[in-house]
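Written out below as structure tokens is the structure these notes cover.
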Amino acid sequence: MMVEKIGSLLWRSIQIKKRRNGKNIGWISLFLAIGFFCLQMGFLLVQNRFQVEYVDDRLFYFINIVCVLFLASALLCFITISKKWKWLGATIVIIFVMVNVFLLVKHNQEIQNFTRLSADMNHILSLKQNKETGEVIYYRSIYGMLARPKEKLPGKIAGTSKIKWLENDIAAITYRTRDQKLQQFIATYGDRGSGSYYYVGAEIYGQWHGNGATVIGDTNGITVIKDGKTELFDWDHVIQYGTLAIVLMENDEAAWTISLNQNFRIHSEGPPSGEIRLYQATMEKNKPITLLNSRENL
């Protein structure tokens with residue numbers, strides 16, 4: 001008798017614990033469902049008013065799916081229903097998920113999203129390409145998952161593009177246009193000064209060396225020496241992006257990008273300190289070259 005009573009008490013405690021755990025999971029699922037629903041409603045309210053979008057359009061459909069899955073999980077934890085109603089509920093959820101997956105795929109065939117997170121996870125690169133026209137819009141992220149269109153990339157992209165973070169706040173996008181011109185667009189997210197605007201070309205005035213490469217900035221422009229080849233780019237063929245990078249152009253094509261490393265510091269008097277990076281514009285896999293000012297090499 002004693003063994004039976006002990007077994008009965010243990011069974012009851014296990015059942016009570018299961019019910020409590022089920023209710024806890026139900027409440028968590030319900031709160032998450034409400035949270036995602038409020039997020040979606042908030043996005044729909046501010047989308048047109050403030051001209052914002054998700055950094056990646058696929059997030060809209062993903063949030064819809066997650067919201068319904070958490071809601072279904074919460075209902076199963078709180079409500080005891082027959083097998084028939086469970087099958088009906090499951091069918092509705094599956095149909096909803098399939099519809100959103102279909103809309104996601106359809107939208108992605110029209111607008112392709114390119115999203116990359118920086119190594120320090122502080123910045124999100126967001127690009128959206130119209131597959132029909134080839135035009136690509138660069139979006140600047142605000143408030144985490146939201147973004148506003150900032151500018152259009154030069155030319156219309158043909159084929160794939162190559163994305164490389166040169167620093168935690170500098171991303172280089174290399175691609176070919178439909179007329180087979182090689183281009184490089186630089187997304188920047190900060191500066192190396194006190195917040196005021198400055199010209200990168202003027203700040204790297206002097207000679208820079210490292211890893212078999214040399215960059216010289218003078219009154220004639222910027223000279224790049226690499227693998228025995230010397231290229232001079234006059235100032236009319238230097239395009240600045242933000243306050244962190246410049247692209248050197250030749251025959252309407254990108255040749256090199258020069259960016260400022262995070263340890264680069266601008267001084268009002270005297271030469272700058274820190275490093276710069278030289279990155280060749282090519283669709284092949286390559287790495288940026290780190291260069292030091294000649295005075296710092298002494």
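The values are calculated or read from the model by the stated rules, or taken from the named source; none is laboratory data. These figures come from a predicted structure and were not determined experimentally. Neighbour counts are summed over all protein chains in view; Cβ atoms, including those assigned to glycine, are modelled from backbone coordinates with ideal geometry.
Within region 30-87, the set of residues being under 17 Å from Met98 (Cα atoms) and surrounded by fewer than 13 Cβ atoms within 10 Å (Cβ to Cβ) comprises just one member, Trp87.
Take the residues of region 202-237 that are small (Gly, Ala, Ser) and in contact with a helix residue (DSSP H, G or I) (Cβ under 7 Å, 6 or more places away or on another chain): which is farthest from Glu250 (Cα to Cα)? Among those residues, the one meeting the criterion is Gly206. Residues that are among the charged types (D, E, K, R) number at least 1 in the following strands (runs of 3 or more DSSP E) confined to region 210-263: 213-218, 221-226, 229-233, 245-250, 253-260. Filter region 227-237 down to the residues that are surrounded by fewer than 17 Cβ atoms within 10 Å (Cβ to Cβ) and over 12 Å from Ala202 (Cα atoms) and list them by number. Correct list: Asp227, Gly228, Lys229, Thr230, Glu231, Leu232, Asp234, Asp236, His237. Answer with yes or no whether Gln240 is surrounded by fewer than 21 Cβ atoms within 10 Å (Cβ to Cβ), in contact with a helix residue (DSSP H, G or I) (Cβ under 7 Å, 6 or more places away or on another chain) and either of a type in the set (Lys, Arg) or farther than 27 Å from Pro154 by Cβ (or both). No; evaluated as a whole, the condition is false for this residue. Suppose the filter is part of a helix (DSSP H, G or I) and either modelled with pLDDT under 90 or in contact with a Lys or Arg (Cβ under 7 Å, 6 or more places away or on another chain) (or both); does Asn48 pass it? Judged against the criteria, Asn48 is a match.
Mind listing just one residue for me: the one in region 204-216 that is more than 32 Å from the chain's Cα centre (by Cα) and crowded, with 17+ Cβ neighbours inside 10 Å and, of those, farthest from Arg265 (Cα to Cα)? This residue is Ile216. Of the residues making up region 175-188, just one is assigned to a loop (DSSP other than H, G, I, E, B), under 19 Å from Trp256 (Cα atoms) and basic (Lys, Arg), namely Lys181.
Whether a residue is outside any loop (DSSP other than H, G, I, E, B) and either at pLDDT below 95 or surrounded by fewer than 18 Cβ atoms within 10 Å (Cβ to Cβ) (or both) was assessed, and Gly201 passes this test.
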